[in-house]
């Protein structure tokens, strides 16, 4: 079986040439033709659907807070500026590990990631008040503020340029970023 061959191009993404592959699925030959593979900078693909809203700002920082890293990308209009594209080793998993250790040391109680998420997002929990306060204050002072401080060190000033926060960490840190004087205007893609 022969597969057709084609190529394509795209403005802001790197595009790889079409590839054809023949595979068998339950002994049935199938021809797969991948016409277009778009390779975007980290965090860019998720903001593309918001292109119209983002286009209104001459500059927007995209901040993607993931498990192990926080990735930052500057958009000029809707075009990524690869000169301002950084990955910081600040993520949700190390934060949770640190909080779990802190709560264990201070309160002699075993918690997990779900307890932390419940407290941060204001959901019901049977954890004692002092444990909940330790979690909230540690997130606010050590992690949310730490991310914003690190961004400022990199000349990412969210008081002067709007931000789009995304990723699992964006949901957790949202209340802290919304109340922070270091963030003037923020959207959240969760």
Give me 82, 166, 95 ranked fewest to most by other Cβ atoms within 10 Å of their Cβ, as a rough exposure proxy. 82, 166, 95
Ranked by GNM mean-square fluctuation in the chain (Cα springs under 10 Å), the top entry among 112, 157, 71 is 112
Of all the Cα-Cα pairs you can form in segment 31-88, what percent are over 14 Å apart? 56 percent
If I take R0 = 25 Å and measure r between the Cβ atoms of residue 109 and residue 149 in this structure, what FRET efficiency does the formula 1/(1 + (r/R0)^6) give, to the nearest 0.05? 0.30
Above 20 Å lies some portion of the pair distances; for segment 87-157, what is it as a whole percent of all C-alpha pairs? 31 percent
Hydrodynamic radius by Kirkwood for the chain, inverse mean 1/r across distinct Cα pairs, in Å, is 19.1 Å
As a footprinting exposure proxy, order 84, 62, 23 by other Cβ within 10 Å, with the fewest listed first. 23, 84, 62
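Read the figures in this text as sums done on the coordinates, not as results from a lab. Worth saying up front: this structure is predicted, and the values here are computed from it rather than measured. Note that we place each Cβ from the backbone using ideal geometry, even for glycine, and neighbour counts take in every protein chain shown.
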